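Reading through the structure tokens given below for one structure.
None of the figures in this text is laboratory data; all of them are computed from the coordinates on show. These numbers were taken from a predicted model, which means no experiment stands behind them. Glycine gets a Cβ as well: all are built from the backbone with ideal geometry, and neighbour counts include every protein chain shown.
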């Protein structure tokens, strides 16, 4: 079921990324990979090798017709949280990727919920579910997703950066 609208936390703006955001998109991505490396399917070294054109494309894709990237931005212009969603080829609903909240804003009332509400509104126009994959050892993320209505589907996949570990598929119904 789709979450009802939530208030945006004081001092933050929630919005989609555009190409001009590429420097902040890069900075936040590097922070994400350093903070929680097992949560993303990219290494910090790989991200450091990306050129400006790739970062510009990544930021621009956030406002495309086929994907959405939302960020929480402080009054000073610093990106402190992000989520992205797209509908992979052949999928019947949207997938959630790249979820991150900076340590300075974790636990702050409403940051995750405000981002997720924007993602869910976008995803609802593309299907009835929102699906994600989370590393089996990322207990903090699993608990946060459960709290927000995601349930494990029973599907597991090898973790691409270490196939001896697993990713758990979780899904949320967006319609009652």
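How long is the gain from residue 147 to residue 65 if the chain were fully straight, where each residue apart is worth 0.36 nm and the alpha carbon distance is subtracted?
Full-extension gain reported as 26.6 nm.
Starting from the eigenvalues of the Cα gyration tensor, five times each then square-rooted, give me the equivalent ellipsoid semi-axes of the chain, largest first, whole Å. Can you show the working numbers first?
Working: eigenvalues 100, 83, 55 Å².
One finds semi-axes of 22, 20, 17 Å for the chain.
Could you tell me how far the Cα centroid of segment 8-62 sits from the Cα centroid of segment 108-145, in Å?
Centre-to-centre (Cα) distance: 17 Å.
Put a dot 7 Å past each Cα toward the Cβ at residue 175 and residue 50; how far apart are the dots in nm?
Taking the simple label geometry, residue 50 and residue 175 are separated by 3.4 nm.
In nm, what is the difference between 0.36 nm times the number of residues separating residue 124 and residue 157 and their Cα-Cα distance?
Here the answer is 9.4 nm.
Assuming 0.36 nm per residue, please report the length gained on full extension of the stretch residue 140 to residue 43 beyond their Cα-Cα distance.
Gain on stretching residue 140 to residue 43: 32.9 nm.
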